[in-house]
Structures are given as C-alpha cells and as structure tokens.
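The values are calculated or read from the model by the stated rules, or taken from the named source; none is laboratory data. Bear in mind the structure is a predicted one, so any value in this text is a computation, not a measurement. Note: ideal-geometry Cβ built from the backbone for every residue, glycine included; neighbour counts use all protein chains shown.
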Amino acid sequence: MKYALIGCGRVSPNHIVAAIKNNLEIVALCDVSKNAVYELKEKCPLIKKVKTYRDYKEMLAIESPELVAIATESGLHADIAVDCINAGCNVIIEKPIALSISDADRIIEAAERMGVKVAANHQNRFNSSIQKIRSAVEAGRFGRIFHATTQIRWCRTESYYKQAPWRGTWEMDGGALMNQCIHNIDLMNWMLGEEPVEVIAMTDNLNHNYIDVEDMGLAIVKYRNGAYGIVEGSVNVFGGDLEEAICIFGENGTVKADGTINNIIENWRFADDIDDEDEVKRDFSVEVNHIYGQGHTPLYADMIDAITSNRAPYVDMYAGKRALELVLAIYRASKEKRAVSLPLAQAATTDFIGLFNK
C-alpha cells in the first residue's frame with residue numbers, strides 16, 4: 001500500500017516507524033520546511049531515499065498514495081485532510097482531528113462522499129492497559145459506572161512553545177486541553193459512553209504569559225447515561241511530566257491506570273473476582289520511553305485492515321469529532337461561566353481569542 005506523510009515535525013518519527021513496521025510502501029514525505037524533512041531522514045535512515053515535497057497537492061497528484069498521515073500543525077489538519085480525501089486517499093489525522101466543529105464536519109462529509117477511511121490518531125486506545133480496561137467496560141464488569149477522572153499533569157516550558165510558532169495559539173493549536181490532554185479526554189469519553197450532555201469548567205493561563213491559550217483546565221462532564229467525568233489538565237507541573245492517569249469508579253469495580261500515558265495499571269478491583277489483581281498489573285502494564293507510547297504501530301495496522309476489509313477504523317473520524325467537541329464545550333463553559341449543553345451546533349478555538357488577555 002502506497003503511503004505518504006504530510007508534516008515532518010516532532011511526532012513524525014512515530015508515524016514512519018509505524019509505517020515501516022506495517023510494511024507500507026513509503027512513497028513521499030512532505031513538509032514546507034526542508035530542515036524538518038532533513039531531520040526526519042536523519043532520525044530514520046531507512047527513508048533517506050524517499051522522495052520529498054514541499055507542496056502536498058503536488059505530491060498527491062504525482063504519487064497517488066492510498067494512505068496519507070497528516071501530522072502538521074493542528075489548524076491545517078482539516079484543509080489538508082479534505083484535499084487528500086477528495087484525491088481518493090484514506091487518511092490518518094493526528095489529534096485533534098480539527099479545531100472547529102464545521103471543519104470536523106467537512107472531513108466527515110468528504111469521507112462519506114468519497115467512500116474512504118479516516119482514522120483519528122488517538123493511539124493511546126491501543127495501550128494494553130487501556131484495552132484491558134475497555135474489555136471490562138464492554139463486559140459490564142463495573143456494573144453502573146458512577147464517574148471517571150482523568151488527570152494530565154505535565155510540564156511544558158517556554159522552549160517547547162518556541163520550537164514552533166503555531167504552538168500556544170488559538171488559530172493553530174488550542175491550549176493544554178486541546179493539545180496535551182485530548183488523548184485522555186478521548187479515553188474518558190470512550191469509557192463513559194461518548195454522549196456528554198453538559199459541562200461546567202474553568203480554564204486559565206497561570207504560568208505561560210507568552211502564549212494565548214490555557215495552561216490549566218478543570219471540568220466536570222455529565223453523560224447521558226448518568227455517569228460523570230472529571231478532567232484535570234495542566235502543563236504547569238514543576239520538574240517535568242508527572243503522570244497521565246484515568247480512574248473509573250463503578251458499583252462493582254474500581255480501576256486506575258497511570259504512568260507516562262496510562263500505561264501502568266495501578267488498581268484493579270472487581271466484585272466478580274475473576275482475575276488476580278497482581279497478575280493484571282503485571283501482564284497489562286508496559287513501560288514506555290516517551291509520551292507518544294507504542295500505539296501508532298497498532299493504529300496503523302488497524303487502519304490498513306480497515307481499508308482492505310472495508311470496515312470502519314477502530315478510532316474513526318466520528319470519535320475524533322467527539323473528543324474535539326468536548327474540549328470546545330469545556331472552553332465555552334469556561335469563557336461564558338455557565339453550564340454548556342452538548343452536542344454543539346458550532347464552535348471553534350478561534351471563538352476564544354483574547355480570553356486570557358491581561
């Protein structure tokens with residue numbers, strides 16, 4: 001299967017490794033920055049001879065890839081995705097899928113019209129710890145789920161934001177919840193039924209006066225099934241990244257996963273007592289050496305199978321829209337200082353320009 005990557009920045013090596021491990025034919029790399037392409041090729045010697053482009057439209061016309069991954073700045077995801085879809089390409093889109101409801105809907109409309117597959121790159125769903133938790137949810141082992149919590153306690157310094165001018169802007173990025181925390185927000189959404197109906201929230205910029213967006217967000221989410229979700233997201237943690245964690249509390253079960261990216265099961269307690277807690281902790285906890293984890297490779301494998309089997313990807317474009325929508329609802333609830341109902345008809349990160357102007 002012919003594959004191309006658009007966007008050769010920080011996360012791009014994970015995409016290339018996943019493409020190589022899944023035996024994709026890498027036909028092109030595309031980035032407006034020659035340096036970005038050069039640095040990617042230095043990190044991944046197996047792609048040193050792959051053809052490079054600065055114009056993705058030219059690349060699409062010449063190479064005709066069957067699968068394209070988009071790893072550009074977030075504000076460009078939608079336009080590039082729609083162009084790729086209209087060219088007949090299947091697409092993997094790095095999170096978030098877009099920065100507005102209308103752009104997410106444009107992607108969905110184009111994919112449905114063209115009959116191609118679109119996957120949202122929420123790769124942490126493939127963590128063995130998360131898969132184990134999800135299997136318990138699907139088996140009904142929790143009974144009624146009362147609430148879940150998600151904590152993203154990370155550190156992002158000025159040097160991080162200065163690495164790329166789009167970071168920390170409403171037009172191209174969004175803040176801590178949209179960029180760093182959306183993976184865990186997606187997981188909480190997924191575990192609790194993906195039908196949030198109401199949000200109350202507060203966000204603020206406490207420690208990064210050189211960016212436009214929030215560096216901390218707190219929210220309470222009510223779901224249609226009666227469960228509640230609590231979000232705590234921060235990039236203000238002193239001394240480096242602390243943890244990314246999710247806890248689920250049900251009438252018959254309590255589970256906590258934490259570690260760098262929910263990769264360690266810390267608590268596993270169920271009334272049915274059908275598995276041993278220590279064994280689950282041992283067998284479904286995996287050490288990772290960076291925040292991107294190991295989920296890109298299985299996400300790619302699933303996408304390839306979805307294309308060849310003509311089925312929906314495991315993390316499809318609708319899931320990508322739902323995660324985006326929840327973050328936008330949190331932003332709106334914070335700005336308007338009121339409870340916000342979902343679904344949202346329209347919302348975009350640009351609605352919040354100037355929110356933290358002092």
Q) Residues of region 248-258 being touching a residue at least 60 places away in the same chain (Cβ under 8 Å) and surrounded by fewer than 20 Cβ atoms within 10 Å (Cβ to Cβ), which ones? A) PHE249, GLU251, ASN252
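Could you name every one of the helices (runs of 4 or more DSSP H) located completely within region 117-189 that has at least 2 residues being farther than 19 Å from GLU325 by Cα? First the steps, then the outcome.
Details: elements: 128-138, 158-162, 176-179.
Per the criteria, 128-138, 158-162.
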**Q.** Among the residues listed as SER129, SER135, SER64, SER74, the single one being among the hydroxyl-bearing types (Ser, Thr, Tyr), in contact with a Gly (Cβ under 9 Å, 6 or more places away or on another chain) and under 30 Å from ILE265 (Cα atoms)
**A.** SER129
Q: Would you be able to tell me the number of residues in region 190-206 that are touching a helix residue (DSSP H, G or I) at 6+ places or on another chain (Cβ under 7 Å) and in a strand (DSSP E or B)?
A: 6
**Q.** Members of region 42-61 that are of a type outside the set (A, V, I, L, M, F, W, C) and outside any helix (DSSP H, G or I)
**A.** LYS48, LYS49, LYS51, THR52, TYR53, ARG54, ASP55
Q) in a helix (DSSP H, G or I) and under 12 Å from LYS117 (Cβ atoms), is that true of ASP278? A) no
Q: For region 189-206, name all the residues that are free of Cβ contacts under 8 Å to residues at least 60 places away in the same chain and buried (at least 16 other Cβ atoms within 10 Å of the Cβ).
A: MET191, LEU192
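Would you check which residues across region 228-257 are in a loop (DSSP other than H, G, I, E, B) and either in contact with a Gly (Cβ under 7 Å, 6 or more places away or on another chain) or closer than 20 Å to ILE353 by Cα (or both) and list them? Before you say what the answer is, go through the steps one by one.
Step one: of region 228-257, the residues in a loop (DSSP other than H, G, I, E, B) are 235, 237-242, 251-252.
If the condition is that a residue be in a loop (DSSP other than H, G, I, E, B) and either in contact with a Gly (Cβ under 7 Å, 6 or more places away or on another chain) or closer than 20 Å to ILE353 by Cα (or both), then VAL235, GLU251, ASN252 are the ones that fit.
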Q: Mind counting the residues in region 207-227 that are of a type outside the set (Phe, Trp, Tyr), surrounded by fewer than 24 Cβ atoms within 10 Å (Cβ to Cβ) and part of a strand (DSSP E or B)?
A: 4
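Residue-by-condition table, conditions (1) assigned to a loop (DSSP other than H, G, I, E, B); (2) buried (at least 22 other Cβ atoms within 10 Å of the Cβ):
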{"residue": "MET303", "(1), (2)": "no, yes"}
{"residue": "ALA306", "(1), (2)": "no, no"}
{"residue": "GLY320", "(1), (2)": "no, yes"}
{"residue": "LEU328", "(1), (2)": "no, yes"}
{"residue": "LEU355", "(1), (2)": "yes, no"}
Q: Look at region 15-41 and say how many of its residues are outside any strand (DSSP E or B), in contact (Cβ under 8 Å) with a residue 24 or more places away in the chain and not acidic (Asp, Glu).
A: 13
Q) Is there a residue in region 130-152 that is surrounded by fewer than 23 Cβ atoms within 10 Å (Cβ to Cβ), among the charged types (D, E, K, R), in contact with a Leu (Cβ under 8 Å, 6 or more places away or on another chain) and assigned by TED's automatic domain parsing to the domain that holds TRP268? A) no
(Q) Residues to consider are ASN289, ASN267; find the one that is more than 21 Å from the chain's Cα centre (by Cα) and either in a loop (DSSP other than H, G, I, E, B) or not aromatic (Phe, Trp, Tyr) (or both). (A) ASN267
